[in-house]
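Written out below as structure tokens is the structure these notes cover.
The values are calculated or read from the model by the stated rules, or taken from the named source; none is laboratory data. Predicted model, so just to flag it, every value in this text is computed and none were measured. Reconstructed Cβ throughout: ideal geometry from the backbone, glycine too, with neighbour counts over all protein chains shown.
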Amino acid sequence: MSYLTPREFTNVMIDVGEAKINMSPRDMILRGAMAGAILGIAVALAVTAAVQTGLPIVGAVIFPVGFCTLNLLGLDLVTGVFGLAPLPLIAGRKGITLNGMLKSWGYAFLGNLIGSVAVAFLLAIAWTQAFTDVPPAAGLAIAKAADARTLGYEAHGAAGMLTVFVKGILCNWMVVTGVIGAMLSKSVGGKVIAMWMPILIFFGLGFEHAVVNMYLFPLGMMMGGELTVWDWLVWNEIPVTLGNIVGGLVFTAGALYVTHGPGNSRAVVESVKAEHNDTATTSP
Amino acid sequence: MSYLTPREFTNVMIDVGEAKINMSPRDMILRGAMAGAILGIAVALAVTAAVQTGLPIVGAVIFPVGFCTLNLLGLDLVTGVFGLAPLPLIAGRKGITLNGMLKSWGYAFLGNLIGSVAVAFLLAIAWTQAFTDVPPAAGLAIAKAADARTLGYEAHGAAGMLTVFVKGILCNWMVVTGVIGAMLSKSVGGKVIAMWMPILIFFGLGFEHAVVNMYLFPLGMMMGGELTVWDWLVWNEIPVTLGNIVGGLVFTAGALYVTHGPGNSRAVVESVKAEHNDTATTSP
Amino acid sequence: MSYLTPREFTNVMIDVGEAKINMSPRDMILRGAMAGAILGIAVALAVTAAVQTGLPIVGAVIFPVGFCTLNLLGLDLVTGVFGLAPLPLIAGRKGITLNGMLKSWGYAFLGNLIGSVAVAFLLAIAWTQAFTDVPPAAGLAIAKAADARTLGYEAHGAAGMLTVFVKGILCNWMVVTGVIGAMLSKSVGGKVIAMWMPILIFFGLGFEHAVVNMYLFPLGMMMGGELTVWDWLVWNEIPVTLGNIVGGLVFTAGALYVTHGPGNSRAVVESVKAEHNDTATTSP
Amino acid sequence: MSYLTPREFTNVMIDVGEAKINMSPRDMILRGAMAGAILGIAVALAVTAAVQTGLPIVGAVIFPVGFCTLNLLGLDLVTGVFGLAPLPLIAGRKGITLNGMLKSWGYAFLGNLIGSVAVAFLLAIAWTQAFTDVPPAAGLAIAKAADARTLGYEAHGAAGMLTVFVKGILCNWMVVTGVIGAMLSKSVGGKVIAMWMPILIFFGLGFEHAVVNMYLFPLGMMMGGELTVWDWLVWNEIPVTLGNIVGGLVFTAGALYVTHGPGNSRAVVESVKAEHNDTATTSP
Amino acid sequence: MSYLTPREFTNVMIDVGEAKINMSPRDMILRGAMAGAILGIAVALAVTAAVQTGLPIVGAVIFPVGFCTLNLLGLDLVTGVFGLAPLPLIAGRKGITLNGMLKSWGYAFLGNLIGSVAVAFLLAIAWTQAFTDVPPAAGLAIAKAADARTLGYEAHGAAGMLTVFVKGILCNWMVVTGVIGAMLSKSVGGKVIAMWMPILIFFGLGFEHAVVNMYLFPLGMMMGGELTVWDWLVWNEIPVTLGNIVGGLVFTAGALYVTHGPGNSRAVVESVKAEHNDTATTSP
């Protein structure tokens, strides 16, 4: 049976969250770095596709190749950890502490940052003959996007700050849905389909993702963007990260936990009785 | 065996309908809000794709990502409940009352409305720098559509009212087909394929869906549409909801129940004997 | 094991043919009406896609959503019954008579006609503000096609009549291949893939299908086509139906029955020995 | 387990080759005629798609629908038989003779020819109002291609003859890869994916296939091409057939047999030990 | 269960690496030649698609048909061997030596080279009427690319050399991810999906692959490129090969081995306990 019911995948969510907290810092950082790098390279591909076709939606349709690949390889984005690591704490799993949860966030964030910046640097070499040539069209598009998504918000002051925070919420609502998508099936095909859909949505609507941005902004600076590191952090990375925490935890993982999780006894009964269970489908 | 036969999925339909009636109001509203929000965000993506390409059919091909995602997560649209909740009543399941059925419709409707309006508001912030900038092209297209799909009907008087009601029937005929599509398979891939097809049809032909419209019209107003809440309710939401009830219940769930359901004893025999059953396919 | 071997699916073909003959008239007509309606709505979508893109092939790629959906729901097109219902008669199944076979053709035809015309009427309302507005571009395209595919043949006299009959043969050769496609697998994905391919072929090449035309021509008349009911029947529906019978029965179901069916004892042995059977694939 | 290992599918290749030799002439010709007809109709679709879009690659992406359909139905192209029928002879299977192998080639060739020419004739009727109207754009494109792929080679003399022979080699290298593709999986989805890829390659690069050409050239003549039957046979069909034999047998079936087949004892051990076997994947 | 967990596929990686080292030189070269040829022909298709559409991304989306086909047939690219063959050495498998590992690299390289050059020669015949006609547009595009990807780097001196080396790293990071992708599933569909994604990335971003280039540059010279064999080797093949070794071994296979492999005892425990294991998904 390939599809996991809500009851089942909610338990997987808690288990995976617990596994992240129990992971060694070395693995967390290493897997985070690999994940950040793969996500970053997919951004380069998506922007390339969008620039070639003049259609950002084409880039969005292709973009999930990165997310799906890193997930299948067992690697982690901090945005997923934002949503999942709190669940075992809420569920009262033994030995899980707030401190442990925060550490898992920190290590994953650090790993993602290392991988994203490293691959941005390598790609900048590839795109500019090691900084001896002008960037390609996709590079210029990234520089422009980096400016728009920092200085563009700054120009609107508090409203811009609210905007970037809300885009962070909307983004990780979808990204954690993608992370959970991979838990809905045990087949590669099922996982990829369920991941692809929400990741396509967030990229197609231009929401703000903390890890994508660890790549986009450093690369944007190398491609000639006018933003500074300060602009990136204050007008994007920090509010986006906060928005990602809210979106991933409250809108997605937490909400599913509340309605499908082990604490909702009525849902358990209902799940056993009626939702796509084997008895239901073979009853006379 | 992945595909469920008509006999099997008709039973799942009744079981799921019963589960909706037995669900707690809290879960119904929470799941409804999550469902409405995900459907709404998919509308934003579809309109974005249509505007970028100038081809509404491209938006329609992408749109089902929302419906499929919310269904896989075990969330509910009231339009599906319109079709399924009456079945256990018709089938005479113990403890199922008309009152309970109507409550399930009401709670799901309320949940969808909350989620749709909330995400419309968040998206409006994301699209307008928190209302300090002009809407993007997709926002203007939504405002225009909101006007056309209220004031446009009003201009035709009774004929317009009939039109919107018929579009509601045609819409939920397809949407409930999509809901049932998810019951045809136990694999993520099979579910998504069977959902995608009818949802693509309804969106590609511009039919009227009560929950999509809970998002489209409020967002349209925020994006500068000229319609009023009164226009929305009278010239769209109410007749569409009535049409959705007729389409989902009579054309889809009811019709399948009549021909494949447990009350049709001849269908039961036939199903056991010949339709894709294991014996048939391995007989000498 | 998902793929059924020729030996296996040929037996399913006979079983399904027998089931159609044994079905009650009520179910035959009801399922036929639902099938005709879903096929018709898919025609509207396909024409819409073709008109938007200017590429009929895009419409053809999308069109199979209707056929696949109705097949998965256990509904019937008369064109499939043309091919399958004669098989149990040929195979000498007990209790199967020519009369019963012809009745199954008649009921399915009647059901398809009711559903097709009904949904054509509803769609005409949706497309013209209940006949108070001009048809959309897709509507005009359907009117034009309806003229071309009746008056256009008439202008060529006997050669036109031969043409429409041949197009009917070619069409149902492919459509019954699609019906059989659904028998090649027990998974939703496998069924849909195997149905999609031949249905795409027939629509992409503009062949003539009796049930599609029950929708296309009435709708074409409502959209302003110049053809009459007489034109439709004489210069399309009747020769197409005859062509569909020949194509579905002789070219597809009958030919497969002859070479793979239970009467071909050599095929049985061969099938058991070599074609993708488990022994073959695990022999040393 | 859906994917068959090289060890397994190599055995299937030999078994299928043996089955072709043991098949009755009647079945060989009938299945060949059905296969040739389906392949031909897919050529018409692919050319239609290419002409509509102005992009031959679109035609190539769609073209495999024919090959996949005929393969799933258990029908045979002589080009596959070229590659597979010699294997049981090489493997020393009991009762297999060179004479039997050559007969299997001959019957399959004859069947393909009958089906291809017949469907070319029917399609010509459909495309020209039974030869009373001018051909459509796709028909003219086929006439032009038929000239270019005979007279075009002739204009280059011996170099042209070498070219058409090499294109025959390259073609059937891919087509037999497609035939073997269907043996890599027991599910419809897996078979279709593995067939689609090499068939797309050969059509997209315009290689020369003996059976496609049995359809393309007769139809090209009916559509107004200037070539003669002599041109077709001498400057295309015969050298292409010889190239197809070399490509299918030497480059594909033979090469795989040599490295993965039962005669390579080292491969057998290796296969058992390491390649995706169950032990490997569950070892601690 | 179709998806293999990181723990499982890491073991498959070591097993496959060991199998490559133990393979006979004859098989290594033969399989390498077949692999190189299939990869090369896919390059020709991808360039054709890119030239026809004017969109390189379309070529990139199609390109993986070659990689997936050769992988499913059990054939080998040296770039995969670069990443996998060192693993059994690192893991201390019995009988595995550095010498054996280097030999496996050498034989695979040699096989790939033979196949790539051979098919480049055959395709050049097909594209130029055996060198008696001008190349088609795709041929000219390949000649231009061959110049740009040798002389273009040379023009930037050391910076160009660094660029081509980095592009080699980035390339095989993705290609070995594709090789591992095939180990994530035992179904054809799952394998193909997991291979397609990283292969699309590398081709879409124009990274440098040692085996693709064994085809691209010889063919480029035959199509009129100005580069010499010396240019190809010094300014492309050698630095690309070194980059491929680093990328495949360090970034991909080695990194996954470190974090998921048998030497990481914590990962083993974690894997058993929480990641998508059956217990997790069925716990109450």
Hits in segment D:85-117 (condition: under 12 Å from the mean Cα position of the chain (by Cα) and aliphatic (A, V, I, L, M)) | D:A108
What is the residue count in segment C:137-153 for residues that are farther than 12 Å from C:M223 by Cα, among the basic types (K, R) and more than 12 Å from every other protein chain (Cβ to nearest Cβ)?
-> 0
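Conditions (1) within 11 Å of another protein chain (Cβ to nearest Cβ); (2) under 27 Å from C:I180 (Cβ atoms); (3) surrounded by 23 or more Cβ atoms within 10 Å (Cβ to Cβ), marked per residue:
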{"residue": "D:A46", "(1), (2), (3)": "yes, yes, yes"}
{"residue": "D:I62", "(1), (2), (3)": "yes, yes, yes"}
{"residue": "D:P86", "(1), (2), (3)": "no, no, yes"}
{"residue": "D:G95", "(1), (2), (3)": "no, no, no"}
{"residue": "D:P135", "(1), (2), (3)": "no, no, no"}
In the set A:A19, A:A35, A:A50, which member is within 22 Å of A:G261 (Cβ to Cβ) and not charged (D, E, K, R)?
-> A:A19
Quick one: what pairs do we get from segment E:55-75, first residue within 20 Å of D:V175 (Cβ to Cβ) and at pLDDT 95 or above, second of a type in the set (D, E, K, R) and surrounded by fewer than 24 Cβ atoms within 10 Å (Cβ to Cβ), C-beta under 8 Å, 6+ apart or different chains?
-> E:G74/D:E275
Residues of segment A:120-144 satisfying the condition of being more than 16 Å from A:V212 (Cβ to Cβ) and among the hydrophobic types (A, V, I, L, M, F, W, C) = A:F121, A:L122, A:A124, A:I125, A:A126, A:W127, A:A130, A:F131, A:V134, A:A137, A:L140
Of the residues A:V246, A:V240, A:V272, which single one is within 30 Å of A:T163 (Cβ to Cβ) and either at pLDDT below 95 or out of contact with any Cys (no Cβ under 9 Å at 6 or more places or on another chain) (or both)?
-> A:V246
Can you find even one residue in segment A:198-207 that is within 14 Å of chain E (Cβ to nearest Cβ) and at pLDDT 95 or above?
-> yes
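Here is a yes/no grid of residues against (1) within 12 Å of chain D (Cβ to nearest Cβ); (2) surrounded by fewer than 24 Cβ atoms within 10 Å (Cβ to Cβ); (3) at positive phi; (4) touching a Phe, Trp or Tyr at 6+ places or on another chain (Cβ under 8 Å):
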residue: C:A155; (1), (2), (3), (4): yes, yes, no, no
residue: C:V164; (1), (2), (3), (4): yes, no, no, yes
residue: C:G189; (1), (2), (3), (4): yes, no, no, no
residue: C:F217; (1), (2), (3), (4): no, no, no, yes
Return only the number of the condition from (1) within 12 Å of chain E (Cβ to nearest Cβ); (2) within 28 Å of A:V12 (Cα to Cα); (3) in contact (Cβ under 8 Å) with a residue 24 or more places away in the chain that A:I90 does not satisfy.
-> (1)
Residues being touching a Phe, Trp or Tyr at 6+ places or on another chain (Cβ under 8 Å) and within 14 Å of chain A (Cβ to nearest Cβ): count how many of those fall in segment E:1-25.
-> 2
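A quick yes/no check of all residues on (1) more than 14 Å from chain D (Cβ to nearest Cβ); (2) small (G, A, S); (3) surrounded by fewer than 24 Cβ atoms within 10 Å (Cβ to Cβ); (4) closer than 16 Å to E:N112 by Cβ:
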position: E:A158; (1), (2), (3), (4): yes, yes, yes, no
position: E:V192; (1), (2), (3), (4): no, no, no, no
position: E:A210; (1), (2), (3), (4): yes, yes, no, yes
position: E:M214; (1), (2), (3), (4): yes, no, no, yes
Scanning for something within 20 Å of A:A33 (Cβ to Cβ), within 19 Å of the chain's Cα centre (by Cα) and touching a residue at least 40 places away in the same chain (Cβ under 8 Å), does segment A:142-149 turn up at least one residue?
-> no
Which residues, counting only those in segment E:22-52, are of a type in the set (D, E, K, R) and under 16 Å from E:T79 (Cβ atoms)?
-> E:R31
Mind counting the residues in segment C:216-258 that are without any contact (Cβ under 8 Å) to a residue 60 or more places away in the chain and polar (S, T, N, Q)?
-> 1
Could you please find all residues in segment A:235-258 being at the interface with another protein chain (Cβ under 10 Å from one of its Cβ atoms) and of a type in the set (A, V, I, L, M, F, W, C)?
-> A:F251, A:A255, A:L256, A:V258
Failed condition for D:S185, given (1) within 7 Å of another protein chain (Cβ to nearest Cβ); (2) part of a helix (DSSP H, G or I), with all others met?
-> (2)
Determine if segment A:137-147 includes at least one residue that is crowded, with 24+ Cβ neighbours inside 10 Å and farther than 30 Å from E:A159 by Cβ.
-> no
Per the filter on segment D:155-182, residues out of contact with any helix residue (DSSP H, G or I) (no Cβ under 8 Å at 6 or more places or on another chain) and part of a helix (DSSP H, G or I) are D:G157, D:A158, D:A159
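Conditions (1) in contact with an Asp or Glu (Cβ under 7 Å, 6 or more places away or on another chain); (2) at pLDDT 95 or above; (3) part of a helix (DSSP H, G or I), marked per residue:
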residue: B:L227; (1), (2), (3): yes, yes, no
residue: B:G263; (1), (2), (3): no, no, no
residue: B:H276; (1), (2), (3): no, no, no
residue: B:T281; (1), (2), (3): yes, no, yes
Among the numbered criteria (1) assigned to a loop (DSSP other than H, G, I, E, B); (2) within 11 Å of chain D (Cβ to nearest Cβ); (3) more than 20 Å from E:A44 (Cα to Cα), which single criterion is violated by E:F131?
-> (3)
